[in-house]
Amino acid sequence: MLARKGLLPDGFLLTRLAEDQNQPNRSRAKCQRPRFITKTGSCNVAHKNIREQGRFLQDVFTTMVDLKWQHSLLIFTSAFLCSWMLFAMIWWLMAFAHGDLKPSDPDSDPGPVPCVTAIHSFTSAFLFSIEVQVTIGFGGRMVTEECPAAIVVLIIQNILGLIINAVMLGCVFMKTAQANRRAETLIFSRNAVIAPRNGRPTFMFRLGDLRKSMIISATVQLQVIRRTVTAEGEVIPVCQLDIQVENPLRSNGIFLVSPLIISHTMERGSPLYELSAQSLASEDLEIIVILEGVVETTGITMQARTSYIPEEILWGRRFVSIITEEDGRYCVNYSKFGNTVPVRMSSLSAKELDQTKGVQDGGVEANLQGWGLVRAGRGGFRRGARACSSSAPHPWYAQSEKPEPEVELKGQKRTVRLEVIGPKAEEEEDLEDISD
């Protein structure tokens, strides 16, 4: 379509299609990589071979809330229909036992008073059961004082109907007010980035809230899930390691009034300390993000989740700014929420950078020490003192171990400490010129 409109040349599209056909295995390999938390926040874990299924019936309410909507509505309808049918059968049997179902002659005297008026068949008993349980009361059928058992059945059906209504309405309310519903308006950037910040490699992702109502006491937790092997050879398929979120208060609390970039410095002690650009593609890890807080309008505790696998972590890129100032207020452009730009960054890991920096610092210190030795050697004493050679591993303070020169002044000995500044000849004067 773009080629027909003249926006893109046909050659570009054909080349792009050929590249996509030649690289099917790469996309397939990426799709086959398992993850514990999907991008939508659901847990990608299947529970199999559960023998004790009865444990779910011990907590019926939670089980019904966790069911899908179609299953919940099926149970909701079945519960009412079964209760109506059950009590319709009871009302019909009661009318049959009392003789209310016998046809009466209109010319003869009226028979005994029935237990329930206007019940002549099972259909009429079913209609009366619905009227009693949902308290409709059309007025054509009613319980009389003839049968005390009918009054007892009426009370039992009313109580049971209230219980069914309370349970079903509670389940519907809890399903509509679940915490994950509020999480639908909380968005995470599709990709995470690793870029330098304050001179250190930093793992970053963006988080935003589309609603004006805020999340109270919001906290962000980061965890790394990876496969590890202990020193004893034990394989731990799921090893969870906490990651400290970059915060001056050393806490995970955030104020989510506008989109934020959550960062983690890859320093010593971090699970990502040895991660480099080359090892990122082959790493078997998953970074899970958990946002928890209290919904301001409802007071319900909510939780939003997502995760990042190595294919979704971009090395050497950072997020663009999306907050601008317009008409005295801040405006957020969500069209650039996940946009990134490349930055200059080394492909080495934080550990390798620290080691390289340590070697360079050590080299600088060695050069400085050597420079001090050369100066100390070049600024030797003129009277029989031999200049120190820079090739000798000699500390700069070794001169203090040498005996200090003594000068005779008018029959009086005085010890003078010499301070060598440089190798210039004009700065080196004879010790005999020193006077009181």
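Some observations on this one:
- Among the numbered conditions (1) in contact (Cβ under 8 Å) with a residue 60 or more places away in the chain; (2) closer than 30 Å to V294 by Cβ, the only one that I194 does not meet is (2).
Every residue, every condition in (1) over 10 Å from W91 (Cα atoms); (2) in the same structural domain as F96 (by the TED database); (3) in a helix (DSSP H, G or I); (4) modelled with pLDDT under 95, yes or no:
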residue	(1), (2), (3), (4)
I119	no, yes, no, yes
A125	no, yes, yes, yes
F128	no, yes, yes, yes
E131	yes, yes, yes, yes
G137	yes, yes, no, yes
R141	yes, yes, no, yes
E145	yes, yes, no, yes
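- Matching residues in region 204-256 - criterion: being of a type in the set (A, V, I, L, M, F, W, C) and in contact with a Phe, Trp or Tyr (Cβ under 9 Å, 6 or more places away or on another chain): M204, F205, L207, L210, M214, A218, L222, I225, V238, I243
- Options V60, V65, V45; residue that is among the aliphatic types (A, V, I, L, M) and touching a helix residue (DSSP H, G or I) at 6+ places or on another chain (Cβ under 7 Å): V65
- Looking across M89, M64, M85, one residue alone is at pLDDT 65 or above and outside the structural domain of A125 (by the TED database). It is M64.
- Between E292, E325, the distinction of being without any contact (Cβ under 8 Å) to a residue 12 or more places away in the chain, assigned by the TED database to the domain that holds S263, farther than 25 Å from P196 by Cβ and among the charged types (D, E, K, R) belongs to E325 only.
- So I194, is it in the same structural domain as I243 (by the TED database), in a strand (DSSP E or B) and farther than 23 Å from Y273 by Cα: no
- Residue within region 44-53 that is in a helix (DSSP H, G or I) and loosely packed, with under 14 Cβ neighbours inside 10 Å present: yes
- Flag for L162 being open to solvent by 30 Å² or more (accessible area, probe 1.4 Å), over 16 Å from the mean Cα position of the chain (by Cα), within 30 Å of K68 (Cα to Cα) and touching a residue at least 24 places away in the same chain (Cβ under 8 Å): no
- In region 64-74, the qualifying residues are those that are assigned to a helix (DSSP H, G or I) and surrounded by 13 or more Cβ atoms within 10 Å (Cβ to Cβ), and the one that is nearest to the chain's Cα centre (by Cα) is D66.
- Any hit, region 209-216, residues being farther than 22 Å from V134 by Cβ, assigned by the TED database to the domain that holds V295 and buried (at least 19 other Cβ atoms within 10 Å of the Cβ): yes
The values are calculated or read from the model by the stated rules, or taken from the named source; none is laboratory data. Since we're looking at a predicted model, the values are computed, not measured. Virtual Cβ from ideal backbone geometry, glycine too; neighbours counted across all protein chains shown. Surface accessibility is based on the protein's heavy atoms, side chains included, excluding ligands, DNA and RNA. Shrake-Rupley method; radii C 1.70, N 1.55, O 1.52, S 1.80 Å.
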